[in-house]
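What follows draws every value from the coordinates through simple rules; no lab data is involved. Quick caveat: nothing in here was measured; it's all calculated off a predicted structure. Cβ sites come from the backbone with ideal geometry, for glycine too, and all protein chains shown count toward neighbours.
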Amino acid sequence: MGGREYERARWREWVGAALADHESGTAGLDRVADLLVLGAAEVTSRRGPLYERACELAAEPERHHDLRTSTWNTPDDVTPADDRQLARTVAEVRRLVGAV
């Protein structure tokens with residue numbers, strides 16, 4: 001396995017583990033977003049469509065993390081539409097990482 005292939009496999013592993021940790025309640029969405037961007041930066045040298053898409057996708061888990069943890073928000077501020085958008089984003093993150 002070459003260097004780039006190893007980095008991609010590691011990225012898939014990191015993001016997959018972060019998603020699993022989030023789903024089990026042991027990690028926040030901010031961790032998913034961080035690993036998504038950090039891994040994409042390593043894999044792509046911070047350029048190209050893959051890196052750009054990872055950065056775009058990372059903004060949504062960050063928004064949801066803030067929405068759910070900010071002292072300014074209440075549980076009522078998280079709507080079913082927010083939950084649906086988060087589910088779509090998580091599915092897209094899985095597709096992106098799986099396609100690498």
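So, counting K/R as plus one and D/E as minus one, what does the shell of residues with Cβ under 15 Å around A20 add up to? Walk me through the intermediate numbers first.
Values: positive: R12, R31, R94; negative: E13, D21, E23.
Residues close to A20 contribute a combined charge of 0.
For region 47-100, which GluC sites (Glu not before Pro) pass both filters: DSSP loop (anything but H, G, I, E, B) and at most 13 other C-beta atoms within 10 Å?
The qualifying sites: there are none.
Which one is right for this structure if Cα extents along the principal axes in Å is calculated from it: [x] 48, 26, 21; [y] 69, 28, 19; [z] 45, 28, 19?
Calculated Cα extents along the principal axes in Å: the matching label is [x].
What do you get for the angle between helix 3-23 and the principal long axis of the chain? Use alpha-carbon atoms, 0 to 90 degrees, nearest ten.
20
Once fully extended, how much extra length lies between L67 and A81, figured as 0.36 nm per residue of separation less the alpha-carbon to alpha-carbon distance? Please report the intermediate quantities before stating the final value.
Numbers: separation 14, 0.36 × 14 = 5.04 nm, distance 1.28 nm.
Residue separation times 0.36 nm, minus the Cα-Cα distance, leaves 3.8 nm.
Would you please name the trypsin sites (Lys or Arg not before Pro) within region 5-100 that are DSSP coil residues with at most 11 other C-beta atoms within 10 Å of their C-beta?
Numbers: sites: R8, R10, R12, R31, R46, R47, R53, R63, R68, R84, R88, R94, R95; in loops: R46, R47.
Passing both the DSSP loop test and the Cβ count: R47.
Output the 0 to 90 degree angle, nearest 10, between the alpha-carbon long axis of helix 49-69 and the longest principal axis computed from the alpha carbons of the chain.
Relative to the chain, helix 49-69 is tipped by roughly 30 degrees.
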